[in-house]
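J.: One structure, pasted below without further comment.
Since every read-out is calculated from the coordinates, none of them should be taken as a lab result. Because the structure is a prediction, the values reported are computed rather than measured. Positions of Cβ are backbone-derived with ideal geometry, glycine not excepted, and every protein chain shown enters the neighbour counts.
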Amino acid sequence: MSQIPRSRGRPSAFALADRERERGRGGDHPSPSADVSEEAPSTSRGPDARAVPAPGPGGGRRFQAAPAVGPRTQKQLELKVAELVQFLLVKDQKKIPIKRTDILKHVVGDYKDVFPELLRLAAGRLRDVFGYELVELEPRSNAYILVNTLEPVEEDAEVRGDQGTPAAGLLMIVLGLIFMKGNTITETEVWDFLRRLGVYPTKRHLIFGDPKKLITEDFVRQRYLEYRRIPHTDPVDYELQWGPRTNLETSKMKVLKFVAKIHNQDPKDWPVQYCEALMDEENRARPPSSAPAPSS
């Protein structure tokens, strides 16, 4: 797979991270209207307090020590990086610049103190695994795009979930969720995950339009998904499974590789799913059994 020459002056992942560190020191903050105050309050606190301005007597400003975030495990950071990578891939589907404020609001949350590191790791994974360069449009623009640095081939594009339409990437994510959950997942679990990527069942999406209709009607009508009501549930819930068209156009191994790339892991790190995917590959490799000859 040959690589397209990159333009000179394009900021590297390290340069982007350095700029974010400078902004974190007070050099470049989002405007008040784009503040991340809508985020859920932090629940992980530690000894590393940071001073933030607070109203003082007479309307002045005084500084008080804000509870700082405690240390995270490597596993927590890996999951957050994987979430950020998925968010960027979804947001890039229509080639609209991705705002820094959207990243902070929908993904980063309590991890703002390590945002530069998260951005650096996500940029590296996008480059090394998916062949995308995370580029800031202009210095201090607070907006990013993904630039394809590879000449795509059919198999590589399929593993990336990039199959020609914005909906394809979302479909690959849903298929991955279903497979990793044992081939069946509740609709509630799907939306719990997609909300973290800024995709909501009741809110029109800039890229996907009506996400609920796309997943529960369009993909179902196209036979990519099966959608059934779960009996005896209160409130009513539904379950999703792979449809027959999915089994014809892709495979469990390809979807598992897609999930593994997102998490920067090897498919074998999920032994149950890997064994199931291997069995699926073996079944696909077998010649179809010939139909019995009609009796005379």
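J.: Quick one: the Cα spread of region 74-148 along its three principal axes, in angstroms, biggest first?
T.: Here the spans come out as 30, 25, 20 Å, largest first.
J.: Based on Cα positions only, what radius of gyration and what Dmax would you give for region 174-223, in angstroms?
T.: Expressed in Å, the Cα Rg and Dmax of region 174-223 come to 10.9, 31.
J.: So, by mean Cβ neighbours within 10 angstrom, what's the order for 217-225, 110-118 with the highest one leading?
T.: Working: 217-225: 16.8, 110-118: 18.4.
The packing order, highest mean first, is 110-118, 217-225.
J.: How do the peptides 95-107, 124-136, 274-286 rank, highest first, by the average count of neighbouring beta carbon atoms within 10 Å per residue? Mind dumping the intermediate values first?
T.: Details: 95-107: 17.9, 124-136: 20.1, 274-286: 12.5.
With the highest mean Cβ count within 10 Å placed first, the list reads 124-136, 95-107, 274-286.
J.: Over 16 Å, how big is the tail of the calculated P(r) for region 155-250, in percent of all Cα pairs? Kindly include the intermediate steps, with their values, before the conclusion.
T.: Numbers: 2510 of 4560 pairs.
In whole percent, the share of Cα-Cα pairs in region 155-250 beyond 16 Å is 55.
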